[in-house]
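Inspection log for the structure reproduced underneath, given as structure tokens.
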Amino acid sequence: MMKKMIPLVKPYIAPASEMMPEIERILYSGYIAEGEEVYQFEEQFGSFVQNPLLLCLNSGTAALHIALELIGVDRGDEVISTAMTAEPTNTTIALTGAKVIWGDVDINTGLLSPENVRSKITEKTKAIMLVHYAGMVCDLDAFHKISEEFHIPIIEDAAHALGGKYRGKMIGAYSPYTCFSFQAIKHMTTVDGGALCLKRENEFKEAKKLRWFGLDKSVSRLKNDIKRPGYKYGMNNVTAAMGKVQLKHMETIIGKHIENGKYYDEKLKGIPGITLIPYYEYTEPSYWLYTLKVEQRTEFMKALEDKGITASPLHHRSDTHSVFKSSHCELPNLDKFYEEFVHIPCGWWVGEEERERIADIIKRGW
Ligand SMILES: Cc1ncc(COP(=O)(O)O)c(C=O)c1O
């Protein structure tokens, strides 16, 4: 018999009694494509992340792609990014034709190092891609300074960081481009989906066109004139209906991730061979995954697995893919971080007893 494991990730779906009537209502409403339901979800998600200039899309990848397009990233440009992420962060950069320039990470956090990014800026740098990996928030104070000093925009890949905060505000509220994902295993899922948060009205209008072939929805289709080709990146009403129901639960669901994360932050302090991750000033993580560094990682993962607890690095570093061969460079901090980091379960499905058991096992030297 397969052993029942506490997983690292698990989709949260609101109770069927709430979800199914809404999905049914939209499915048989005669309007299942992008429409009122999407606009309502945008309004509600916008209030959640404290930014009304927001577009819902069919994926986080679409959000990243449109952000890069709005900035005008193109062939011959460079975008500084991190390899410590899921693939779409960087494949979208490759899609624009720009070259990915790897920034090294801060050895303590695994997040992009502002100093290292600064050293990689050239005339060709068109954007800096930040990833709030596992829900930990990058050193946004330092990156905003770099952005202002060099006039290079920042894109926040916040696929893991819904509910994270910077200077007391939600991630999504601050930077000119923030991308969320509602993919299956994120804090909030709509099966697939995403959102792009913006700060400028003109870019908001342009992004709306880019998500729908380049057409302007406010003008009759017969009178439309596509000046710049766009994509088919919009969200549909069925997905949005799901999002509206899911969103009602997010304060509680994300709250559980955060509560569990903070619990580990306290309980796992001072254990030999284990290093906890410090969080940058003015940032609050949303603990999509709980991240820690372990000297004997392989043994640690095995021991936890034997006790029914999944522990794993989850993502594979992105710089190893052939498509990024020409971007290859030395990343000594990432090499070191990558050898030691591991995630343990901390999501909404981890109850008080389970987190206590996990912490005790780790404290006792697993
Ligand atoms: C860090 C990161 N960025 C971007 C994405 C892309 O999101 P999506 O799957 O919604 O396109 C994901 C998730 O898949 C991710 O983990």
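Within 10 Å, count the other beta carbons around each residue, average over each peptide in 43-50, 253-260, 118-125, and list them highest first.
253-260, 43-50, 118-125
Can you compute the FRET efficiency between residue 20 and residue 248 using 1/(1 + (r/R0)^6), with r the Cβ-Cβ distance and R0 = 22 Å? Round to the nearest 0.05.
E between residue 20 and residue 248, to the nearest 0.05, is 0.90.
Taking a spot 7 Å from the Cα of residue 326 along the direction of its beta carbon, which residues of region 115-144 have an amide N less than 18 Å from it?
Residues 122-127 qualify, since their backbone N sits under 18 Å from the label point.
Mark the label point 7 Å from the Cα of residue 212 along Cα→Cβ and return the residues of region 237-273 whose backbone N is within less than 14 Å of it.
Within reach of a label on residue 212: 237.
Looking at the P(r) of the chain, how many percent of alpha-carbon pairs lie beyond 38 Å?
The answer is 18 percent, as a whole percent.
Can you give me the accessible area per residue for region 18-177, using a 1.4 Å probe, in Å²?
With the other protein chains kept in place, region 18-177 gives 36 Å² per residue.
Which order, highest average first, do 149-161, 325-337, 193-205 follow once you tally other Cβ atoms within 10 Å for each residue and take the mean per peptide?
Most protected by this proxy first, the peptides run 149-161, 193-205, 325-337.
How high is the relative contact order of the chain? Use alpha-carbon pairs under 8 Å, at least six apart in sequence, and give a whole percent.
The normalised contact order for the chain reaches 24 percent.
Summing +1 for each Lys or Arg and -1 for each Asp or Glu, what net charge is found among the other residues whose Cβ lies under 12 Å from the Cβ of residue 273?
In short, 0.
With n ≥ 4 as the cut-off for DSSP H runs, can you work out [θ] at 222 nm for the chain, using -39500 (n - 2.57) per run divided by the number of residues, rounded to the nearest 500?
Calculated mean residue ellipticity at 222 nm is -11000 deg cm²/dmol.
Where the accessible area of the chain is counted over protein heavy atoms with a 1.4 Å probe, how much of it, in %, is carbon and sulfur?
Here it works out to 52 percent.
Take the alpha carbon atoms of region 43-89, find their center, do the same for region 239-269, and report the distance between the two centers in whole angstrom.
22 Å
Using r as the Cβ-Cβ distance of residue 223 and residue 3, and R0 as 41 Å, what FRET efficiency do you calculate, to the nearest 0.05?
Using R0 = 41 Å, I get an efficiency of 0.05.
On full extension of the chain, what length is gained from residue 141 through residue 87, given 0.36 nm per residue of separation minus the C-alpha to C-alpha distance?
So the extension gain works out to 16.9 nm.
Show me the ranking of peptides 13-21, 232-240, 139-147 by mean Cβ neighbours inside 10 Å, starting with the highest.
Highest to lowest by the protection proxy: 232-240, 139-147, 13-21.
I need the calculated FRET efficiency for the pair residue 36 and residue 269, taking r as the beta carbon distance and R₀ as 35 Å, to the nearest 0.05.
Computed FRET efficiency for residue 36 and residue 269 comes out at 0.10.
Return the long-range amide H neighbours of residue 216 (sequence gap of 5 or more, or a different chain), with a cut-off of under 5 Å between placed amide H atoms.
225
Cut-off 17 Å, label point 7 angstrom out along Cα-to-Cβ of residue 296: give me the residues of region 326-343 whose amide nitrogen falls inside.
Answer for this model: 340-342.
Note the full-extension length gain between residue 364 and residue 259 as 0.36 nm times their separation in residues minus their Cα-Cα distance, in nm to one decimal.
35.6 nm
Give, in nm to one decimal, the length gained when the segment between residue 43 and residue 122 is fully stretched (0.36 nm per residue of separation minus the Cα-Cα distance).
So the chain would gain 24.6 nm between residue 43 and residue 122.
For region 70-216, give me the percentage of DSSP beta bridges that are antiparallel, rounded to the nearest 5 percent.
Around 35 percent antiparallel, to the nearest 5.
The values are calculated or read from the model by the stated rules, or taken from the named source; none is laboratory data. Note that the structure is predicted; figures quoted are calculated from it, not measured. A quick note on method: Cβ atoms are made from the backbone with ideal geometry, for glycine too, and the neighbour counts reach across all protein chains shown. Only protein heavy atoms, including side chains, enter the accessible area calculation; ligands, DNA and RNA are left aside. Shrake-Rupley method; radii C 1.70, N 1.55, O 1.52, S 1.80 Å.
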